[in-house]
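Visitor: First the structure, then my questions, so here it is.
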C-alpha cells in the first residue's frame, strides 16, 4: 500500500512538473501587425507600384472597384484616404482596408482584394 501511494505521489509530481512549462496567462504576445507582411511570402504574392487590383467591399459601395497602385505604392481609397499598399499581400491589404472602413464608421465590412489578371 505504501509503494502504491509513493508511486501515485511520484507520478503526480512528474505531471505537475510537466505543466510548469505552460506560459503565464499574463505573458504579452506581440501584435502580428508588427511583423513584416513579406517575411514568409514569395515576392510574386505581394503588391507593387503600378499593379492593378479589384476591390470588392460587402457593405461599403463607395470604394473604387478597379484601381491601380500609384508610382509611390499608395492606393487611393477616395474619401477613406490613402493606404501604403506596396509590399503587402492582397490578404493584408484587405485587413487594412476593413480597419480603415471601421475607423470611418463602417464596422464589419467584408473586403476582398484581387490582383487584376489583365
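Visitor: Once label points are set 7 Å from the Cα along Cα→Cβ at both residue 82 and residue 45, what is their separation, rounded to one decimal in nm?
Guide: Taking the simple label geometry, residue 82 and residue 45 are separated by 2.8 nm.
Visitor: Separate question: Multiply the residue separation of residue 91 and residue 72 by 0.36 nm, subtract the distance between their alpha-carbon atoms, and state the gained length in nm to one decimal.
Guide: 4.8 nm
We did not get these values from a lab; they are worked out from the coordinates using the rules stated. Note that the structure is a prediction, hence the values are computed from the model and not measured. Heads up, the Cβs are rebuilt from the backbone with ideal geometry, glycines too, and the neighbour counts pull from every protein chain shown.
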